[in-house]
Every structure is written in structure tokens, then in C-alpha cells.
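Trainee: I have a structure I would like to understand better, so I am pasting it below and will then ask my questions one at a time.
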2 protein chains.
Amino acid sequence: MASDFATVFARLKPHMGALDVFLREQISAFEPEIRTMADYCIDTSGKRIRPALVFLSGWQADGSVLPDLVRVAAVVELVHLATLVHDDIMDEAEIRRGRRTASREYGPEAAVLLGDALFSHALHLAAQFPTTSVCQAVADSTRKVCAGEIIQTLRRGTAAVSLADYRRIIDLKTAELFRVSCALGSELAQLPEGFVKAAACFGRQLGIAYQIYDDLADFFGREDKIGKTLGTDLMSGKLTLPLLTLIDRLPASLAEQLLAEIKGERSPQIAVWLGEMEDRGVFEAVVEAIAAELQIGMDALEPWGAYTPTGLLLQLGDVLRAQVEGLRRSTVSKS
Amino acid sequence: MASDFATVFARLKPHMGALDVFLREQISAFEPEIRTMADYCIDTSGKRIRPALVFLSGWQADGSVLPDLVRVAAVVELVHLATLVHDDIMDEAEIRRGRRTASREYGPEAAVLLGDALFSHALHLAAQFPTTSVCQAVADSTRKVCAGEIIQTLRRGTAAVSLADYRRIIDLKTAELFRVSCALGSELAQLPEGFVKAAACFGRQLGIAYQIYDDLADFFGREDKIGKTLGTDLMSGKLTLPLLTLIDRLPASLAEQLLAEIKGERSPQIAVWLGEMEDRGVFEAVVEAIAAELQIGMDALEPWGAYTPTGLLLQLGDVLRAQVEGLRRSTVSKS
């Protein structure tokens, strides 16, 4: 079954509307000077995948919007926005979602603090649930997301990234927040513990698969579509799955040359490596890895087919698969 | 009664020892790559004023160490350390407490994330109390601390800082964490609500007074003692109370000249303004402001003299007064 964002997200419209209203209300909790900056970050153009996971995991049979889910969706989105603000400082990124980054707009100093303020506001909202479980889960996830980003930063520009390291990094930096979104969404909707675990597993696997897709798009995407230059990961010395797969398939001398570029000892030859990737079937291998990760998540949901959220979450998997196919088409049309 | 750090802190020794053990244990909760970095930050050379406020506000008649207070002391210290790590990135500081800053040691990218990891670990610990009140209080305080820092950053290098703005900034960036340390310490020790409020008020006023003292030391301290160059606030365009007081007392033409230096339109003439400050009684005026802020806090504790923590907190006020006197002596010996 082919799914696209439009179909899945049409269903989510009232939920995303409620989330927007809630987030805008939060702005007023900030000191006046920060409201403009926070408002700038809480824009509506993001994909809001994490809130979608919260809503879909805790979906009500009648499609109604649970206020607790809106609050948790705001929490995970704010944590995500905070990491984006900090990421953009570190990457010295100029543009995000078609607008100047907060770091570019307000300066890196203010952006460090703005990220902190968004983080602490997220925890502030998490602490308003009657029990400490939400706050615990969110604080723990946030810590893991930071850990993943730190490990990635420390390894950047080195050859010291194994496949296992890569998987651990994306598990921490991306999959963890996907996982906790599903866990909290289903938990707050009072779904059975077994389902909560299955949804959390699905979220985690979707997060891993999504990050691999994102890393694949960095080489095989269309620049006009992904909104950035291709090969930025290679340029910044980041060993992702497409590069790791290529290195594994290259003869030793070429692999050494590529690693030297990663280490910044030679200037990156992106066109050369894109050619090598196509010749050596890297695209297909990475697509298979994405499918395998997704499959683990789908298997976890298998016994829960009778629950409405199960079908909705699986549709998100289909959306990701369709996006991957989209890359294949742009690859074919390029060659 | 003359008090010094030594006397007050001797009493706190077992508490600070327990805090150290607890903080070191926390390190093991971090991903292996981050342990070294976190360990680097959780050094023992800091003054640990915020933990001291927690312990003294919830002091037990028998001097015993309450585990809950140790945990909360760790929370406030971690939040403080996180803000220091981020501050040092923004100030491009090289040295803090006689060692290279985390930003200098690991690079600003990793330091942004390390600060985030320390923040989220603090919230993680706060979420482990049975109720959400600690997490709520800490998240809210953290948000205010960030807000204070943001406002200060946005106003840096501008003349747009009134006395009221200055007081609001230091209330948010410094006094808030002092306040919450006293509030949580006394609350967790199950002291009466009225005392909790009084202790919180004292903590806040001590924080305001402490920050004014710190800003005064930036002009009147001994470089070897405060471990940094004098006049850094003027150099970085930060309008603090000594400068605001001086501007108020200068003839219009000189005030304009000073403001031009704040705005970076002229190079700062620190020696000139130090001379003007001495001629125009700025030191005394600022010392009086410190005393007035402290007095408000002491008055709040007045009805609670029968409680052990009251006397201990008041001693911290004496310590601050002694530090201010220390500045006076170094001022006299310089002139």
C-alpha cells in the first residue's frame, strides 16, 4: 500500500492544530525578550514527525485529541527544536527549513542560551504531569540524544567509526526521541504495557531507519528537494552508512584515499565517490539496511494488529519506504 | 561576628564529601565517551555555594546528612556547571578555576553538547524524587537562569540597560538558583512553609548581593585573587552596577564617552574609569547596595531565629560581607 505524508498527515490535522495553539501559548511563558526568538524557532514548517508519533501511538478510536498527548507532543518537539538550534551553531549552518538559522539570526551566543531555554521549557512542561514518569523519560532521552551528538562530534574527522559505532550513534541521537514519543503517546492513552513496549520498539526502529534514509539522501537526494548541498557529511568528516558501506567495498588503496578525505588530509572528491557508490551497489545495500531495521519494528507490532494505533504507525513505515523509493527515482534520472 | 568560608565550610565537610561521592557516581551514568568530559567539569575546586545553601537551609539538629539534600545539591550544582560550560563558550574563556575551560579542552561544539548533557542529567536526577515538585522547581529555575543570560547577552554592547534591567538580569541569572537551593533544601527537610518562604527570600537576596559583589570585584578586586583581568565587564560591553552608578555620577560629556566605549565605538579606558569610580564614591555606593539587598534577606529570616538553619544562613551573609570588606582593603592598598 502506497502512503504519503499527505494521507497520514491529513488525519493528524486537528492534532497538529492543537499542538500549534499549545506551543504558541507556551511562548507567553518566556521572558518578553525571548518570546520573539522562541517564536522564530517554533515555526510550522517542520515535519513534526515526533509529535505525529505521539498522536498516532495514542490514537483514540473516535479520533479525538487528548490534551495529555498534545502536551507530550510539545515536550518532544521542543527537545527536538533545542537540539536543532544547538546543531546549527556547531555546523555553522546558515539556512534551516528555508529560513536563517537562529544562530545566524541572533548570534551563536544567544542561540546556545535559546536552546537551553527551549530544553528547560520542555522539562518544565514534562514536570506538570501528575507523576514523575514523563519527566524521567524525557530527561533520560534528552541525555541520550546529547550523548549521541557528542560521540558523533568527537569522532568527526576520524576513521574511528565502525558499523556498530554508527548504529549506536544514530540510536542515541535520533531513535531515542522517536522511541520515547511512541512510548509516552501509548502510555498516556492507557494502552496495555505490551503494546507500549511494541510501539516503543517500532519508534526506535523507525528512528534508526529514518536516520539511515537521511544519511542516504545526503548522497543520493536531489539538492532542490533536500534543500542542501549533496555530500555535506563527507565534507564535514562524518562517516555514515553509505560511506562505511563504500569503504567496505573499495580496494584498500581507494579506501585509504577516502579515509584521508574524511580526516581532512585531502580535499573531498564527492563526484568520484558518488560514481563509486553507484558502481558498487551502495544504494541498494543501504536501502536493504533501512528495510531490515523497519522490519524489526513491524515485527514488534505484529501481535497488536487489532489496535487502531498499530495500523497508523505501520503507515508511517510505508511513508518512509516511499521516501526511499523517491531517492531511487532521482538516482535513476540522474544516471 | 566575623565569619569566613573556612568556619562555615568546615561544618559542611561531611555533606560536601557525600556530594562528591554522589556526583562521581553519576559519571558512570554517562556514555563512556562523555565520562571523561563530565568528570573534568565536576571538579572539586569550585566554591559550591549552591550546594552549601541546600545543606544549610535543611540543616538537621544533629548535623546528619540527608540523602535527599545530597541529591538536590547535586541537581543545582549540575545546572550551575552546565551554565558555566555554556558561558565559557560564549565568552571564549580560556581558563576557569585555574584549568582550561571545557570549551578550550574539547572544542566549543562538544562543550555545547556537554552543557546539554549536564542539564539533562540534572533534570534526570530531579525526576527521581517521588513527587514532581523538585523537577518543576528545577526546570522553572533553569529556564529563568537561561532567560537572564539571554537578556544580558542581547543587551551587551548597548546602552539600553537601566538599573531595573540590571537587577532583573541578576535576579534571573544568579539569584534564582540561590533561591531554589534554599527553597528545596528547607522543603525536603520538612521545615514549616513559612520558613521555606523566608529561606527562599534570603537565598534570592544573597544571590543578588553576591552577583553585585562579583561585579564590583571585576573593577576593585585583586587580579591575582579573582584570577582574571580587571575591567572585563567594561571590555565586553556589560553594564553592571559599578558602571551604572558611575554613569549616573559623571557629567554628561564623560558619561557619553563611557557609553561609547560600552558600545564598542571607542577602546575602553579602564584606568580612567577606575580613577573616576574612586573619586566619585562608586565603591561605597555599591557596597551600600549590597548591604541593602542582604538586609532584605536577613529581615525575612528574622522571625525564624529559633531554627538552626537560620543562624547558619545568616553566617553566609557574614561571609559575603567579609568578602566585600576584603575588596575595600585591596582598594585602599592600591591607592
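Trainee: Shielding of B:101-110 by partners, i.e. mean partner chain Cβ atoms within 10 Å per residue?
Mentor: Partner-chain Cβ atoms within 10 Å, mean over residues of B:101-110: 3.
Trainee: 7 Å from Cα along Cα→Cβ at both A:R35 and B:A6: what's the point-to-point distance in nm?
Mentor: Modelled inter-label distance: 5.3 nm.
Trainee: Let me ask something else about it. Just going by the charge dipole of the protein assembly as shown, with Lys and Arg at +1 and Asp and Glu at -1 on Cβ, which of B:I150, A:C41, B:L125 is farthest out on the positive end?
Mentor: B:L125
Trainee: Once the label point is placed 7 Å from Cα along Cβ, list for B:T131 the distances to the corresponding points in the other copies, in nm, shortest first.
Mentor: 1.7
Trainee: Suppose every Lys and Arg Cβ carries +1 and every Asp and Glu Cβ carries -1, with no other charges. What dipole size does chain B come out with about its Cα centre, to the nearest 20 debye?
Mentor: So the magnitude is around 240 debye.
Trainee: If contacts are Cα pairs under 8 angstrom and at least 6 residues apart, what is the relative contact order of chain A in percent?
Mentor: Answer for chain A is 20 percent.
Trainee: I would also like to ask the following. Quick one: accessible surface of A:S253, probe radius 1.4 Å, all protein chains present, in square angstrom to the nearest 10.
Mentor: Answer for A:S253: close to 90 Å² accessible.
Trainee: So what is the relative contact order for the range B:153-279, in percent, with contacts set as C-alpha pairs under 8 Å and at least six apart?
Mentor: Once normalised by length, the contact order is 27 percent.
Trainee: Checking a compactness column here: for the range A:1-129, what do you get for Rg(Cα) / (2.2 N^0.38 Å), N being the number of residues?
Mentor: Against the empirical 2.2 N^0.38 Å value, I get 1.09 for the range A:1-129.
Trainee: Over the range B:236-327, with a single point scatterer placed on each C-alpha, what log10 of the ratio I(q)/I(0) does the Debye formula yield at q = 0.13 1/Å?
Mentor: Scattering profile of the range B:236-327, log10 relative to I(0): -0.58.
Trainee: Which residue, chosen from A:A61, B:S141, A:S267, occupies the Cα position most advanced towards the positive end of the dipole of the protein assembly as shown, where the dipole is computed from +1 (Lys, Arg) and -1 (Asp, Glu) charges on Cβ about the Cα centre?
Mentor: A:A61
Trainee: Quick check for you: with a 1.4 Å probe and neighbouring chains kept, what is the accessible area per residue of chain B, in Å²?
Mentor: Value for chain B: 39 Å² per residue.
Trainee: Here are some pairs, B:K144/B:K238; B:K173/B:K238; A:K173/B:K173; A:K13/A:K47; A:K144/A:K197; B:K144/B:K197; which of them have Cα atoms lying more than 22 Å apart in this structure?
Mentor: A:K173/B:K173
Trainee: If you don't mind, another one. On C-alpha positions alone, give me the angle between the axis of helix A:308-334 and the longest principal axis of chain A, in degrees, nearest 10.
Mentor: Its long axis makes an angle of about 30 degrees.
Trainee: Can I ask one more? With springs only between Cα atoms under 10 Å apart, run a GNM on chain A and tell me which of A:R204, A:R156, A:R35 wobbles the most.
Mentor: Between A:R204, A:R156, A:R35, it is A:R35 that shows the largest mean-square fluctuation.
Trainee: Sticking with this structure for a sec: Which is farthest toward the positive dipole end of the range B:94-227 among B:F178, B:F219, B:L163, measuring Cα position about the Cα centre, with Cβ charges +1 (Lys, Arg) and -1 (Asp, Glu)?
Mentor: Projecting each Cα onto the dipole axis, the largest value belongs to B:F219.
Trainee: For a quick check: with amide H placed at 1.01 Å from N, whose amide H comes under 5 Å from A:R99's, ignoring anything fewer than 5 positions away on the same chain?
Mentor: Placed amide hydrogens put nothing under 5 Å from A:R99.
Trainee: Here is a further query. How much accessible surface area, in Å² rounded to 10, belongs to the heavy atoms of A:T158 with a 1.4 Å probe?
Mentor: Using a 1.4 Å probe on the heavy atoms, I get roughly 40 Å².
Trainee: I've got another one for you. Based on the Cβ-Cβ distance of A:D165 and B:D214, what FRET efficiency does E = 1/(1 + (r/R0)^6) give at R0 = 51 Å, to the nearest 0.05?
Mentor: That pair, A:D165 with B:D214, gives E of 0.75.
Trainee: Counting Lys and Arg as +1 and Asp and Glu as -1, each charge on the Cβ, what is the dipole of the protein assembly as shown about the Cα centre in debye, to the nearest 20?
Mentor: 140 debye
Trainee: How many partner chain Cβ atoms sit within 10 Å of a residue's Cβ in peptide B:32-41, on average, as a whole number?
Mentor: So the per-residue partner count for this stretch is 2.
Trainee: Between A:E278 and the same site in the other copies, what are the distances in nm, shortest first, taking label points 7 Å from Cα along the C-beta direction?
Mentor: Values, ascending and in nm: 7.6.
Trainee: In the P(r) worked out for chain A, what percent of Cα pairs fall beyond 35 Å?
Mentor: In whole percent, the share of Cα-Cα pairs in chain A beyond 35 Å is 22.
Trainee: What distance in nm separates the two pseudo spin-label positions at A:S236 and A:L254, each 7 Å out from Cα along the beta-carbon direction?
Mentor: Here the modelled spin labels are 2.7 nm apart.
Trainee: Something else about it: Per q in 0.05, 0.06, 0.09 1/Å, what log10 I(q)/I(0) does a Debye calculation on the alpha-carbon atoms of the protein assembly as shown return?
Mentor: Values returned for q = 0.05, 0.06, 0.09 Å⁻¹ are -0.27, -0.38, -0.82.
Trainee: Moving to a separate point now. Add -39500 (n - 2.57) for each DSSP H run of 4 or more in chain B, then divide by its residues: what number comes out at 222 nm, to the nearest 500 deg cm²/dmol?
Mentor: -23500 deg cm²/dmol
Trainee: Report ³J(HN,Hα) in whole Hz for each residue of the range A:12-22, in order, from the Karplus equation J = 6.51 cos²θ - 1.76 cosθ + 1.60 where θ = phi - 60°; Gly and Pro get x.
Mentor: 7, 3, x, 5, 5, x, 5, 4, 4, 4, 4
Trainee: Moving on to the next point. What residue among A:L184, A:L254, A:L243 shows peak mean-square fluctuation when chain A is described by a Gaussian network model with Cα springs under 10 Å?
Mentor: In this elastic network of chain A, the residue with the biggest mean-square fluctuation among A:L184, A:L254, A:L243 is A:L254.
Trainee: How many partner chain Cβ atoms sit within 10 Å of a residue's Cβ in peptide B:128-141, on average, as a whole number?
Mentor: Taking the mean over all residues of the peptide, I get 5.
The values are calculated or read from the model by the stated rules, or taken from the named source; none is laboratory data. As the structure is a computational prediction, the values presented were derived from the model and not from experiment. Using ideal geometry, Cβ is built from the backbone for each residue, glycine included, and neighbour counts are taken over all protein chains shown. Areas reflect the complete protein model, heavy atoms only, side chains present, ligands, DNA and RNA absent. Shrake-Rupley method; radii C 1.70, N 1.55, O 1.52, S 1.80 Å.
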